[in-house]
Structures are given as structure tokens and as C-alpha cells.
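Read the structure below first, then the notes.
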Amino acid sequence: MYQLKAVDKHFPGVHALQAVDFEVQRGEIVGLVGENGAGKSTLMKVIYGAYQPDGGEIKIDGKRVRFQNPRQAMDHGIGMVFQEQSLIPNLTVMENIFLGFEKQFVTFGVVSWRAMATAARAQLAKVKLDIDPTTITSDLSFAQRQLVELVKVLTLEERIDGDLVILLDEPTSVLAEEEVKLLFQIVRGLTKRASFIFVSHRISEVLELSDRIYIMKDGAVVDVVHSNDADLDDIQHKMVGREINSEYYREHKQQAYNSNDVLVSFDNVGLQGSYRNISFDLHAGEVLCLVGTEGSGREAILRTVFGRDPCNAGRVKIKGEPVTAFSPMAGVRRGIGHVPRERKIEGIVNGMNVYENMTLAQIRKFARLGIMNVPAEKQLANEWIERLGIKTPSVAKDCGGLSGGNQQKVVLAKWRSSGSDILLLDHPTRGLDIGAKEDVYEMIREMSANGVGILLAADTLEEAIGLSHTIIVLKDGEIQKRFEYATGSKPSLYDLVHHMI
Amino acid sequence: MTHEILRPHFPWITLVALIVIVGIANPAFFSVSGFVILMADVIPLLIMAIGMTFAIYIGGIDLSIQQLANMVTVMTTVYLAQFGISVALLVVLVGGLFGIISGFVTTRLYVPSFVSTLAIGFIALSIAKWLSNQRALFMDATLRDAHFGWMFGNTMGVPHELVIGLLLAFFAWLLQTRTPFGRALKAVGSGELAAVASGIDVDRVKIFAFGLSGMFAAFAGLMFSVKLSGGDAQLANGFLLLAIVAVLVGGTPLTGGVGGIINTVIGTLIVMVIRAAMVYLEIDATQQQMIFGIVLIVAIALTIDRSKLRSVVK
């Protein structure tokens, strides 16, 4: 019914989609998996009309179509449920649901809120969400908002005569296990009316929900499998082109840390509204991973260590010194380096070149009589480019133009070259391809072997388990469980998830 | 893409094109001595625009400079007899202090710079009026010549004000491109969040940038006052718009992070050429601000970096 034939998409320097064939049958749930950068999001954007392909064709029921924008795609029954939530927080639920389509409730230029509320209730019933449609959206939980997002797309049902295709982009990433089950139930119930394309990093969920699964790698569909006769390892293998095992996280390089050398010490530390009663010690050479869902407080703890969010209870000591003044400047002076999650915004300065970025945390050290010593900066940059294998045409290249992996290496080089011995890594591998991830893992091992204490918020649980000496599981701002182990006695995924939600 | 590659070159291409066009229409424009006089005339504007560049480079703006310069003309005239040449130091420090207050209000009290500097500007204006009793004051010619005669002399055909302007421009350029402060300034302008995450004291950098803006405005005010031999709460009126135009036309966008002092020198020359052309075309003085208003809008539209504005899902 919905079909892509040999669709191509080019961006400057990238062949983002290469002759992609893709098909959705009526009432089918199709899974779409692939590593970051495999072309999933480009493909989705082509499907919902945000991008126009520059080769191949799109057919609906055998008829060729071309969408100039998402609105036109919607008119053909194609809707997108956004991962980054597209709801406007300060509007009511019903206003969000019918945003842009209020006309149906307007008489003499005035919106009938009652009619809208009634209609909204009918829509919410489709996903069995029993909330007052006049609720302000920001008062809803993440799971509820996700469902409202789905409802918003489901209004297509009444507007469009033909079949519906609904894209679900990582709908489960913020949901708890129970909520995921509920969502799946709802989606299955809706297949009478609509087909779904389900995109997720969680391959097990894709396997559970989908009928067929498209596997993408490097901009091409490498395989299509039926979920009945597919297994997880097989899919993962095809996605990355090889197997993921303990080798991947460099576990053989994990060394015991020095338990006498405490770098960061939290004693019953709390921050109103974020976390409370947090105690832990970070030792030289240790990789300590904070695990928890969004809002569990792990980012806030990292920010407190760095000095961004001062705590208001308990005692923080860094290298034995009690911390009284919290600021990033003081944090950097104490030898703390911060690799933020938002690499492009907080990690590198887009618009500054490689050497300027690398010396950013120690500008003054490179000044002689008040004038920057650029040759020394370039020398330092060249050393680290070689040491970390950073791919850049020159040290004067704008960092914004480097690939994600190389940007991250520049950020790491910034801290390592300035001698930081406490490193806060907030999702250091987010958005990186496999090769770049491995480089980062290698660097983490090397740093911890050199006595750097690393506080990590990992991108996935597998990563957390693979990399750390110690894992602290957080929930709602409190420590649930602490796992300490050496290589070979790592906890399982289940152990962690069990304490997270 | 081509637009992106060409963008940094727009300002000097514009300048050359304008010079050629104006020169063809009026060959007298090409005379070296005429050009030097034009440049000397534009020096106070250049100095103001250089200060403004620091404020805009960090993504802010300083709307107080014109009023600071007004206030300084009055202060210079009033205190010349008392302090002699040290009045220069006094007014530059006062200008810097006002800038620092603007910076403080902007960074610590979270008042956007266009509001904080506007308010500070009115305070300066009010001080100017109070100090001058709302009258135009005149300097004692002997005192002026004794202490500031050097400002407007002429050595081997080179006007001293031109030398002063170029020295200040050089100093500002050095500060922007070659010092730790300049590096921090660039980091704050291009990626404030990354600068914070690198342990840079962003607030201090910003406060210092506004302080510089105030100091340069004060110096421009000092030059006005000496040149026109007096002080008045309206003496520098009209220069705010021109200074903003000079910075933006030069290629430092309101979003900050790119451009800089050299760009502002080019931008000031563009303003100079446009002004000369208007004189030649006999455009009435009352209409000149209108032209510059339009130029300003066009310059903003052409130079602003849209990727830095909050983008909508397309």
C-alpha cells in the first residue's frame, strides 16, 4: 500500500539514502532499526514529507506521490509521532490535539471549547487515556504526553478517507516498562485502522511489536526480516556489521582502582527538587557510572560535581578539600573536566577551530606577556590529533565541520591536555558511530589506567555495565542500589532495570 | 552554499564596489587628500563603532554609547580647567564604569543588554543635562589647545586624529585577536554554553566587553568635545545608528561570534562612502538617517546567522 522504490537522498558530502526500497502493508507494523547515522531519521523525514528524495519514487496504492512538506503528507494519511515531544506545554491537551485544525469548532469566528473538548475526549478514548482534555499539557506525565502525541496524529483518522501510516520515533525511550506494554497494546489495537512504522534503539521491543523489520546500515537497507524467525543477536550483528561482546567495551583492559585515593566524596548531599541523601566516593582510576531514567537526578549530580548546580544539603569534598564555592571556573581549577551530553552546543564551540577548542580550558597558560602563543597551541593540538587519531584536514579547521566522533575527541583532548584528573562524562558516545564509540571506550580505559577518576552517565545500560567498576542506580533522586564488581562478575541488565523503575 | 562561502567577503566587496561607483560618478572622490580628510572626519564614529563591536561580538548590543559620548562632552568641558589633560583619563574611566554597570545589569540581573544599556544611556543623558544645565557649554580655547591641541594637528599631511583612530583600532584588534581575553570573547560569542562548560568566566568576559564599549564611547565623546570646542547633551546625537550600521555592515552579525574589529573598520568606511555619496547626490541631511535606517535593516537581514536563531521543525 505505501511503497518507496529505490529512494535516494544526498546531502553535501553524504549519500544519506542509497536506493532504499521500503514497503508497508495495510494494518502492518514495520520495525526500522539501525545504528545512529545509519539513515533512519533521513528515511523517516522522507516518509513524512520533511525531505524530498532526489531519486526514486514514493507510491501510495500504486499511485505516485510527491510531498512538498509534512502537511501534504498528512493529507495523504501519513503522520509522525515525534520523539522530541512536539506538544506545546502551556496549552491544554485539546488545544494541542487540534492545533492548526481548530476550524471545525469555529462558529462566527469563535472557537467552541465545549465542542472541542467533546471531540478531544473521543480522540483520547482511542488510546484509553482518561484525562480531562482541558488539562494543561505540562501537568501530564511523560507517558501521558506520549499518548497525547499519538492522539494528535490519530485525528487523521477522521480527516482522511484512505489508509493511515503512522511513524513512531523512539516512543518508548521515556517510558517505564508497564507504560511500554500499554503503548504496545494500544498500537496493536489500532492496526485495524492504521499501519505503523516503529523506530527504536531497543531492538527487543522492535522484535516484540513489529511484523517485519527493516535493518539499515550506512544509508542502505541491509536486510528485511520477519520477526517470527529473527533473533536479537542476528539483527544486532547486521546493524553493526559484527558482534558486540566484552571485547567491545575493552573489559580486558579494566584495572582495579586505587581505593586509597579519593578524588570526589559526596556525604549525604542533596539538591532541592533533584536528588537527596547521595553519598559516594570516586577514586583515582575508577569508572563510576550513575544509572537511572531521565529525571532520576544523575545529570544534576554531575552538574553539582562540576560546579554548575550548587547543592543545598550535605558535604562535597574534592581531593580532600571541602567545596564551599560552586562554579564551573572553580571546578576546572580543581582539575575537573566535563564532557557534556550536548556535544555540539556545550562540548565544542562551533565557529572556533581545533586548536582554539583544545586550549579553551587553559587559555591563560598559553599567553606570553598577555599575547596568545599560537604556535604552542598548534603544537599541542597536533600532538593530540596524532595521539587520539583525530581526523581533521588541519588544526585551523572549524570544529563545527568535524564529524561527531572527532568533535568528541577534541573535547576529550581539551580536558586531558589541561591535566584534568576528574572527568565527568555525560553520554559521551551519544550519536557516535560504532568506530568512534570504540575509540571513546579505549580512551576511557587509558585514562582510568592513568589514575583519572571518571564519573559516567552512560548512553545505554550495556555501556554502563561494560565500562564501570561501580554502578550506582538512582531513582527519583535517591540511590537505590550500588553494584561493585570486577571484570567477570558484572551485573546483568535485568539487575539494573529492576532497581531503576 | 556559495552564499555561505561568500558571506565573509561581502563587506570589503561592498566597500570596493561602492568606492568604484561613487568614484565613477564623481572622479574627484579619488583624490588622496580628499580621502584623507573624509577618513579623519569619520574617526569619532570609528572609535564608537569599535567599542560597539565588542558588545555585539558577544551577542549583545550597547545602546548607551551615544548618551555616554554626550555626557562626556559635557564632563570634558566642565572639568577641563580643573583637571587639564587628566580629564581624558577621568572621562574614559567614567565611560568604562558605565559600561561595566551595563554589563553587570545584563549578566547578573539578567536584563537583556538592549534594555540595560538603553536605561544606562538615559541615566547618562540625564547626568549630561544636569551637569550642563541644558545649555551648550564652550571650552576655553587656550586651555583646549594647551592640553588637547595634539589631537587635531597635522604632521606631513597626516591628520593626527587619523593616527589616533588607527592606533585605537590596532589596539582593539590586538585585544580581539591576540589575547586571552579575545579568545574568551570569541568563545562566548560563538558558543556561550560551551564556554561556560570549559570553565570560562563568561560573566566577567561580558562585563569587560561592555566596559570596553563604554571606554571607547567616552573617548569618542572626548574627541567631539575637543573638536567642537564645547559640550552639550545632544552633541553626539545621530551617532548610535551610524555606529550600529558600521558594525553590522562590516559583517559582525547581531548573533555575535564572527566578524570583529577589522570588519568594523571596513563597515565604518562603507558608512563614510555612503555619506560622501549622499552629499554628492545632494540628499538632504534630514533624509540621511532614513537611508541609514534602511541600510541597517538590509545589513541585519544579510548578515544574521539564521542557524543560531531557534529553528522550527521543517
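The values are calculated or read from the model by the stated rules, or taken from the named source; none is laboratory data. None of the values given here were measured: they were computed from a predicted structure. Neighbour counts run over all protein chains shown; Cβ positions are idealised from the backbone, glycine included.
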Quiz prompt | Flag if B:Phe210 is out of contact with any Leu (no Cβ under 8 Å at 6 or more places or on another chain), in a helix (DSSP H, G or I) and not charged (D, E, K, R) | solution = yes
Exercise. Can you tell me which residue among A:Asp169, A:Asp234, A:Asp223 is charged (D, E, K, R) and either more than 23 Å from A:Ile47 (Cα to Cα) or free of Cβ contacts under 8 Å to residues at least 12 places away in the same chain (or both)?
Key: A:Asp234
Quiz item: Is it fair to say A:Leu360 is among the aliphatic types (A, V, I, L, M), farther than 19 Å from B:Ala195 by Cβ and either within 13 Å of chain B (Cβ to nearest Cβ) or under 23 Å from the mean Cα position of the chain (by Cα) (or both)?
Solution: no
Quiz item: If you go through region B:161-173 one residue at a time, do you hit one that is part of a helix (DSSP H, G or I) and facing chain A (nearest Cβ under 10 Å)?
Solution: no
Quiz item: Has region B:242-250 got at least one residue that is touching a residue at least 24 places away in the same chain (Cβ under 8 Å) and either farther than 28 Å from B:Val94 by Cβ or within 14 Å of chain A (Cβ to nearest Cβ) (or both)?
Solution: yes
Self-check item: Residues within region A:422-435 that are surrounded by fewer than 21 Cβ atoms within 10 Å (Cβ to Cβ) and either of a type in the set (Gly, Ala, Ser) or more than 19 Å from A:Tyr249 (Cα to Cα) (or both), tallied
Solution: 2
Self-check item: Residue satisfying all of: in region B:125-160; of a type in the set (S, T, N, Q) and not in a helix (DSSP H, G or I); nearest to B:Gln234 (Cα to Cα) among these
Solution: B:Gln134
Exercise. For A:Gly55, state whether it is under 24 Å from A:Thr191 (Cβ atoms), in contact (Cβ under 8 Å) with a residue 12 or more places away in the chain and in the same structural domain as A:Leu150 (by TED's automatic domain parsing).
Key: no
Quiz item: Got a sec? Which helices (runs of 4 or more DSSP H) wholly within region B:17-124 have at least 2 residues that are of a type in the set (Phe, Trp, Tyr) and closer than 26 Å to A:Gly351 by Cβ?
Solution: B:43-57
Quiz item: Of all residues in region A:332-346 being in contact with a Gly (Cβ under 9 Å, 6 or more places away or on another chain) and within 8 Å of chain B (Cβ to nearest Cβ), which is farthest from A:Leu424 (Cα to Cα)?
Solution: A:Ile345
Quiz item: Among the residues of region B:80-113 satisfying the criterion of being of a type in the set (Phe, Trp, Tyr) and surrounded by 13 or more Cβ atoms within 10 Å (Cβ to Cβ), which is nearest to B:Gly214 (Cα to Cα)?
Solution: B:Phe98
Self-check item: Filter result (closer than 28 Å to B:Phe148 by Cα and either among the aliphatic types (A, V, I, L, M) or free of Cβ contacts under 8 Å to residues at least 60 places away in the same chain (or both)) within region B:46-62
Solution: B:Leu46, B:Ile47, B:Met48, B:Ala49, B:Ile50, B:Met52
Quiz item: What are the residues in region A:420-439 that are more than 19 Å from A:Gln362 (Cα to Cα), touching a Lys or Arg at 6+ places or on another chain (Cβ under 8 Å) and β-branched (Val, Ile, Thr), if any?
Solution: A:Thr429
Practice problem: Go through region A:388-419 and give me each residue that's in contact with a strand residue (DSSP E or B) (Cβ under 8 Å, 6 or more places away or on another chain) and within 22 Å of A:Glu438 (Cβ to Cβ). | Solution: A:Cys399, A:Gln408, A:Val411, A:Leu412, A:Lys414, A:Trp415, A:Arg416
Exercise. With the checklist (1) at the interface with chain A (Cβ under 10 Å from one of its Cβ atoms); (2) over 24 Å from A:Arg368 (Cβ atoms) in hand, flag the one item B:Gly153 doesn't pass.
Key: (1)
Quiz item: What about B:Gly199, is it at positive phi, modelled with pLDDT of 90 or more and crowded, with 20+ Cβ neighbours inside 10 Å?
Solution: yes
Quiz item: Which of the following residues is among the β-branched types (Val, Ile, Thr), out of contact with any Gly (no Cβ under 9 Å at 6 or more places or on another chain) and in the same structural domain as A:Ala220 (by TED's automatic domain parsing): A:Ile131, A:Ile60, A:Ile78?
Solution: A:Ile131
Quiz item: What do you reckon, is A:Leu150 within 17 Å of A:Met74 (Cα to Cα), in a strand (DSSP E or B) and in the same structural domain as A:Asn96 (by TED's automatic domain parsing)?
Solution: no
Quiz item: Looking at region A:6-57, which of the residues that are outside any strand (DSSP E or B) and of a type in the set (Lys, Arg) is farthest from A:Gly401 (Cα to Cα)?
Solution: A:Arg26
Quiz item: How many residues are closer than 14 Å to A:Ile348 by Cβ and facing chain A (nearest Cβ under 7 Å) when one looks only at region B:174-199?
Solution: 10
Practice problem: Scan region A:363-373 residue by residue and report those that are more than 8 Å from chain B (Cβ to nearest Cβ) and either under 36 Å from the mean Cα position of the chain (by Cα) or within 19 Å of B:Gly257 (Cβ to Cβ) (or both). | Solution: A:Lys365
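Per-residue answers, yes or no, for (1) modelled with pLDDT of 85 or more; (2) in a loop (DSSP other than H, G, I, E, B); (3) at negative phi; (4) out of contact with any Cys (no Cβ under 6 Å at 6 or more places or on another chain):
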| position | (1), (2), (3), (4) |
| --- | --- |
| A:Gln72 | yes, no, yes, yes |
| A:Gly79 | yes, no, yes, yes |
| A:Gln83 | no, yes, yes, yes |
| A:Asn90 | yes, yes, yes, yes |
| A:Met94 | yes, no, yes, yes |
| A:Leu99 | yes, yes, yes, yes |
Quiz item: When you scan region A:337-420 for helices (runs of 4 or more DSSP H) that lie fully inside it, which ones turn up with 2 or more residues that are crowded, with 21+ Cβ neighbours inside 10 Å and β-branched (Val, Ile, Thr)?
Solution: A:404-417
